[in-house]
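Taken together, the values in this text are just the output of simple stated rules run on the coordinates, not laboratory data. If you're wondering where the values come from, they're calculated on a predicted model, not measured in any experiment. Here the Cβ is made from the backbone with ideal geometry for all residues, glycine too, and neighbour counts use every protein chain on show.
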Amino acid sequence: MHRVLVLNATYEPLSIVSVKRALVLLLKEKAELIECAEERLHAARTSLPVPLVIRLVYYVRIPHQVTMAPTRRSVLQRDNHTCQYCGATSGQAVLTLDHLLPRSRGGETTWENVVTACRTCNMRKGDRTPDEAHMALRRRPGRPHYLAFLLLSEATSREIWGKYTFTISEA
Ligand SMILES: [Zn+2]
């Protein structure tokens, strides 16, 4: 069963839910149907459109920051599987996680202190900060956008979502 993109009342992407949850929101009139699939769900005497995108009737405040700790997978996805020093991608090099302030010097695993680095750059940087190693970062690391974070776990997002998820790159 596919998943449904939930938009806030302002049409900003908010969350991803199951079809069942989306139907409950629609039936309770807490959301309206924005996009549906061509196929229909068949119930006893009726058939329902399969929702792809729904919009909440009421505005939901979005938390400013994601509180979840970074993982190897989520950092690589945030950094688009690209070494943040030389630009090598996963097809070109072995990608690792680099702590800007090395762990050996008290650097923590936070969104701001961890970047994707190829093994060569990681070894070259060694036990130094990027400044000490004179290695420029392509982008200052930070917490991913709230929605981007939600989508990290969604390998099967529908193409139609693209219309609503353009804010995803504003990490
Ligand atoms: Zn590199």
Subject >> 5 angstrom amide H check on residue 109, placed H, neighbours 5+ away >> reply: none
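Nothing charged except the Cβ atoms of Lys and Arg (+1) and of Asp and Glu (-1): what's the magnitude of the dipole of segment 72-133 about its Cα centre? Round to the nearest 20 debye. Present the calculation step by step, with values, prior to reporting the outcome.
Numbers: 9 positive and 7 negative charges, 47 e Å.
Computed about the Cα centre, the dipole is about 220 debye.
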Subject >> Cα gyration tensor shape of segment 1-148, rounded if a/c is under 1.5, else prolate or oblate by comparing a/b with b/c >> reply: prolate
Subject >> Projected label distance in nm at residue 120 and residue 72, using a 7 Å step from Cα toward the beta-carbon >> reply: 2.2 nm
Subject >> segment 89-112 residues near the modelled residue 127 label - backbone nitrogen below 20 Å, point 7 Å along Cα→Cβ >> reply: 97-109
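Would you please give the FRET efficiency between residue 57 and residue 140, computed as 1/(1 + (r/R0)^6) with r the Cβ-Cβ distance and R0 = 45 Å, to the nearest 0.05? Walk me through the intermediate numbers first.
Details: r = 38 Å, r/R0 = 0.84.
Result of the calculation: an efficiency of 0.75.
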**OP:** Output ³J(HN,Hα) for segment 73-86: one whole-Hz value per residue in order, computed from phi by the Karplus curve 6.51 cos²θ - 1.76 cosθ + 1.60 with θ = phi - 60°, and x for Gly and Pro.
**Re:** 5, 6, 5, 4, 6, 4, 8, 6, 6, 10, 4, 7, 9, 9
